[in-house]
Amino acid sequence: MSKHGNRTILVCCGPGCLSNHSMDVYEELKARISQAKIKAEVKTEVKATGCHGLCEKGPLVRIEPDDIFYTGVKVSDVPEIVEKTLLNHQVVEKLLYHEPSVGRKVISPKQTRFYKKQMKLALRNVGEIDPSSIEDYIHRGGYKALGRVLSELSPDEVITEIEKSGLRGRGGAGFPTGWKWRQCARMQYYPKYVICNGDEGDPGAFMDRCIMEGDPHSVIEGMVIGAYAVGSHEGFIYIRDEYFLAIRNMSHAIEQARDKGFLGKNILGSNFDFDVQIVRGGGAFVCGESTALMASIEGKVGEPRAKYIRSVERGLWGKPTVLNNVETWANVPVIMDRGAEWFSSIGTENSKGTKVFSLVGKVQNTGLIEVPMGMTLREIIFDIGGGIAGGRKFKAVQTGGPSGGCIPESLIDLPVDFDSLNNAGSMMGSGGMIVMDDRTCMVDVARFYLTFLSEESCGKCVPCREGIRRMLEILNEICEGRGQPDDLDTLAELGEMLKEASLCGLGKSAPNPVLTTLRYFKDEYLAHVNEKTCPAGVCKNLTVYYIDESQCKGCGLCQKNCPSHAVEGQRGQPFAIDETKCIKCGSCMDVCRFGAVRIRGRDKSWK
């Protein structure tokens with residue numbers, strides 16, 4: 001442990017840690033350090049940073065250069081941190097992270113599988129800097145790429161470099177970024193616009209949000225480089241209104257960039273002018289679609305339009321427009337700084353670089369991660385994610401947001417890249433990754449996502465508006481025990497129709513949760529329809545709990561935890577469940593340590 005030199009304490013103040021009072025930890029650390037008699041030659045600085053990634057274990061505190069990593073830090077822990085670690089160079093054992101792979105607590109984040117298997121490019125500064133400080137960003141090489149671009153490269157050379165890098169859009173479709181810029185640059189009518197899509201409406205997704213909150217200048221620098229390349233002088237950052245911290249940090253970063261000469265007139269003495277402004281979105285999921293987003297910026301209803309004319313030709317206010325999402329823009333400065341050849345050496349043949357994911361659901365280590373393209377689902381879920389929570393069995397992972405697909409255990413070794421996910425019936429999307437265990441009903445999952453999409457459809461085109469609604473009606477019938485065998489064929493036919501006939505990406509991808517669950521989990525649909533049972537015990541109308549007397553040890557935990565007093569019997573004797581009182585909550589099954597609580601009609605493979 002280092003005893004000399006300056007020390008920096010990085011306190012995670014991302015949304016997850018903030019909800020657990022990390023800002024109070026930050027303030028207490030500052031106050032205690034100012035009071036403590038730390039040697040004058042050791043300058044100790046406390047920084048409130050963006051997300052550190054391991055949201056499951058927050059609030060997180062890192063101490064550099066000592067390379068100490070504390071988890072679950074409370075305000076009451078601060079005096080011990082100051083006394084032991086800062087004054088006496090000792091670790092606080094109770095705050096160290098327990099690494100399951102080695103079966104012991106570790107001091108450094110580099111010793112955890114969660115961190116050491118990641119590669120951070122878009123997230124290179126998130127959790128490392130104070131996002132309110134442009135000096136922190138510059139100190140880590142920020143705006144260096146912009147300076148080189150404006151002083152040494154022509155717009156065409158910038159586009160060529162992005163093309164060579166193989167960077168594809170990280171917002172969902174994976175469209176080649178360089179090709180998009182090239183087409184816009186060729187348009188000879190003005191003005192041209194550059195837009196950053198920070199809408200991010202997927203349930204369980206927070207990748208773009210964390211970049212805007214934790215490293216806003218990387219997005220700004222990327223946009224200025226892109227604007228120079230295509231000949232734009234005005235840009236917009238579209239952020240959903242509930243992202244109040246992202247709006248605050250982006251607004252402050254824009255002001256700082258203007259003051260330092262990175263935005264505005266004659267940027268860095270180059271005679272190139274460019275400025276950006278923030279537009280706050282109303283929270284409509286459909287406004288994540290490019291043309292709907294542009295309509296929203298124009299002050300119109302956020303509805304998509306047919307794409308027989310591309311936005312690079314006629315986009316915002318009918319002018320040539322380049323739109324990329326937050327993560328794409330954040331990658332641009334690092335590509336221009338380190339070179340296209342370096343970037344393209346990472347990832348797979350058709351999916352270059354890294355991808356940021358929000359890893360959530362029934363996994364032990366939930367949080368924000370960034371991995372090289374081509375890493376397998378197994379590595380992400382079981383190495384970085386630490387496996388399934390509660391020791392349960394892995395069942396599926398849903399990628400790509402509500403319009404993505406559900407990938408089964410049989411494809412656990414699937415590489416995560418654009419092509420592999422598409423071939424499996426799913427998609428990369430913006431980067432949501434929701435892990436499910438064996439207590440998840442895949443029919444109910446499909447119903448959940450279609451419920452969301454039916455509410456978020458703008459209703460402009462009939463296939464999407466009526467098709468999603470009808471598919472949802474069928475799924476409701478199946479989950480409530482009124483499904484018919486031909487319903488499965490109808491769902492498949494409606495899904496294919498939606499993919500072909502819908503106006504925009506929302507409708508075209510909306511059937512994915514249904515089609516992939518039908519493809520990989522058809523036995524569950526058949527159990528719902530033919531046997532009128534839900535194997536996972538989720539659909540209440542189709543679930544009957546009972547206790548296997550041969551397995552029951554009479555411990556009474558099921559009775560103690562039953563909220564409706566449906567479990568009858570005495571300790572030491574086998575218990576029974578009164579079906580007339582049972583509310584199908586599953587509490588009895590959750591607490592039973594002997595596997596005695598069963599679901600009637602459930603196949604043995606579902607235990």
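The values are calculated or read from the model by the stated rules, or taken from the named source; none is laboratory data. Since the model is a prediction, treat every value here as computed from it, not as a measurement. In this analysis, Cβ positions are derived from the backbone assuming ideal geometry, glycine residues included, and neighbour counts consider all displayed protein chains.
State whether one or more residues within segment 364-381 are basic (Lys, Arg) and out of contact with any strand residue (DSSP E or B) (no Cβ under 6 Å at 6 or more places or on another chain).
Of segment 364-381, the ones basic (Lys, Arg) are 378.
Keeping just the survivors that are out of contact with any strand residue (DSSP E or B) (no Cβ under 6 Å at 6 or more places or on another chain) gives 378.
So far as segment 364-381 goes, yes, one or more of its residues are basic (Lys, Arg) and out of contact with any strand residue (DSSP E or B) (no Cβ under 6 Å at 6 or more places or on another chain).
Listed here are the residues, each with its yes/no results for (1) at pLDDT 95 or above; (2) in contact with a Cys (Cβ under 9 Å, 6 or more places away or on another chain); (3) not assigned by TED's automatic domain parsing to the domain that holds Glu242.
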{"position": "Arg124", "(1), (2), (3)": "yes, no, yes"}
{"position": "Gly141", "(1), (2), (3)": "yes, no, no"}
{"position": "Gly147", "(1), (2), (3)": "yes, no, no"}
{"position": "Gly171", "(1), (2), (3)": "no, no, no"}
{"position": "Gly201", "(1), (2), (3)": "no, yes, no"}
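Taking residues in segment 99-118 that are within 19 Å of Thr85 (Cβ to Cβ), and partners anywhere that are modelled with pLDDT under 90 and surrounded by 15 or more Cβ atoms within 10 Å (Cβ to Cβ), the pairs with Cβ atoms closer than 6 Å and at least 6 places apart or on different chains are Val106/Glu99; Thr112/Glu99. Please work out if Ala510 is crowded, with 17+ Cβ neighbours inside 10 Å, within 24 Å of Thr451 (Cβ to Cβ) and either aliphatic (A, V, I, L, M) or in the same structural domain as Ala396 (by TED's automatic domain parsing) (or both). Spelling it out, Ala510 is indeed crowded, with 17+ Cβ neighbours inside 10 Å, within 24 Å of Thr451 (Cβ to Cβ) and either aliphatic (A, V, I, L, M) or in the same structural domain as Ala396 (by TED's automatic domain parsing) (or both). Counting just the residues of segment 549-607 that are of a type in the set (Lys, Arg) and buried (at least 16 other Cβ atoms within 10 Å of the Cβ), which one comes out modelled with the lowest pLDDT? For segment 549-607, the residue satisfying everything is Arg602.
When the residues of segment 133-184 are filtered to those that are of a type in the set (Lys, Arg) and surrounded by fewer than 23 Cβ atoms within 10 Å (Cβ to Cβ), the one that is nearest to Ser509 (Cα to Cα) is Arg182. For segment 197-223, a residue qualifies if it is farther than 21 Å from Ser403 by Cβ and not in a helix (DSSP H, G or I), and exactly one does: Asp215.
Please work out if Val312 is assigned by TED's automatic domain parsing to the domain that holds Met212, under 28 Å from Val230 (Cα atoms) and either in a strand (DSSP E or B) or modelled with pLDDT of 95 or more (or both). No: the conditions fail for Val312.
Looking only at segment 518-571, count every residue that is assigned to a helix (DSSP H, G or I) and either touching a strand residue (DSSP E or B) at 6+ places or on another chain (Cβ under 6 Å) or among the small types (Gly, Ala, Ser) (or both) and tell me the total.
Within segment 518-571, the subset assigned to a helix (DSSP H, G or I) is 518-520, 522-531, 540-542, 557-561.
From the residues that got through so far, the ones that are either touching a strand residue (DSSP E or B) at 6+ places or on another chain (Cβ under 6 Å) or among the small types (Gly, Ala, Ser) (or both) too are 520, 527, 558-559.
Final tally of qualifying residues: 4.
With respect to Thr366, is the statement that it is touching a Gly at 6+ places or on another chain (Cβ under 7 Å) and among the β-branched types (Val, Ile, Thr) true?
Details: touching a Gly at 6+ places or on another chain (Cβ under 7 Å): no; among the β-branched types (Val, Ile, Thr): yes.
For Thr366, the condition - touching a Gly at 6+ places or on another chain (Cβ under 7 Å) and among the β-branched types (Val, Ile, Thr) - is not met.
Being of a type outside the set (Ser, Thr, Tyr), surrounded by fewer than 20 Cβ atoms within 10 Å (Cβ to Cβ), modelled with pLDDT of 95 or more and touching an Asp or Glu at 6+ places or on another chain (Cβ under 8 Å) is not true of Gly390.
Of all the helices (runs of 4 or more DSSP H) wholly in segment 399-517, which have at least 2 residues that are out of contact with any Phe, Trp or Tyr (no Cβ under 6 Å at 6 or more places or on another chain) and within 30 Å of Gly385 (Cβ to Cβ)?
Working: elements: 418-423, 442-456, 462-479, 487-501, 505-509.
Output list reads 418-423, 442-456, 462-479, 505-509.
Go through Tyr243, Tyr308 for me and flag whichever is of a type in the set (Ser, Thr, Tyr) and in contact with a strand residue (DSSP E or B) (Cβ under 9 Å, 6 or more places away or on another chain). Break it down into steps so the answer makes sense when it comes.
Values: Tyr308 fails: in contact with a strand residue (DSSP E or B) (Cβ under 9 Å, 6 or more places away or on another chain).
Exactly one of Tyr243, Tyr308 is of a type in the set (Ser, Thr, Tyr) and in contact with a strand residue (DSSP E or B) (Cβ under 9 Å, 6 or more places away or on another chain), namely Tyr243.
Of everything in segment 351-387 that is out of contact with any Cys (no Cβ under 9 Å at 6 or more places or on another chain) and at positive phi, the residue that is surrounded by the most Cβ atoms within 10 Å (Cβ to Cβ) is Gly353. The selection criterion, being part of a helix (DSSP H, G or I), in contact (Cβ under 8 Å) with a residue 12 or more places away in the chain and either assigned by TED's automatic domain parsing to the domain that holds Val194 or of a type in the set (A, V, I, L, M) (or both), holds for Ser251.
Screening segment 484-509 for residues that are touching a residue at least 60 places away in the same chain (Cβ under 8 Å) and touching a Pro at 6+ places or on another chain (Cβ under 7 Å) and picking the one that is farthest from Ser290 (Cα to Cα) gives Leu503. For beta carbons closer than 9 Å, sequence separation of 6+ or different chains, a first residue in segment 575-602 that is closer than 18 Å to Lys532 by Cα and a second that is in a loop (DSSP other than H, G, I, E, B) and of a type in the set (Asp, Glu), the qualifying pairs are Arg598/Asp548.
Restricting to segment 272-307, give me the number of residues that are assigned to a loop (DSSP other than H, G, I, E, B) and among the small types (Gly, Ala, Ser). Let's see the steps before the verdict.
Residues of segment 272-307 that are assigned to a loop (DSSP other than H, G, I, E, B), as a first pass: 272-273, 282-284, 289, 298-307.
Checking which are among the small types (Gly, Ala, Ser) leaves us with 282-284, 299, 302, 306.
Total meeting the criteria: 6.
Can you find a residue in segment 412-432 that is aromatic (Phe, Trp, Tyr) and either modelled with pLDDT of 95 or more or touching a Cys at 6+ places or on another chain (Cβ under 7 Å) (or both)?
First, pick out the residues of segment 412-432 that are aromatic (Phe, Trp, Tyr): 418.
Going one step further and asking which of them are either modelled with pLDDT of 95 or more or touching a Cys at 6+ places or on another chain (Cβ under 7 Å) (or both), we end up with none.
No, segment 412-432 contains no residue that is aromatic (Phe, Trp, Tyr) and either modelled with pLDDT of 95 or more or touching a Cys at 6+ places or on another chain (Cβ under 7 Å) (or both).
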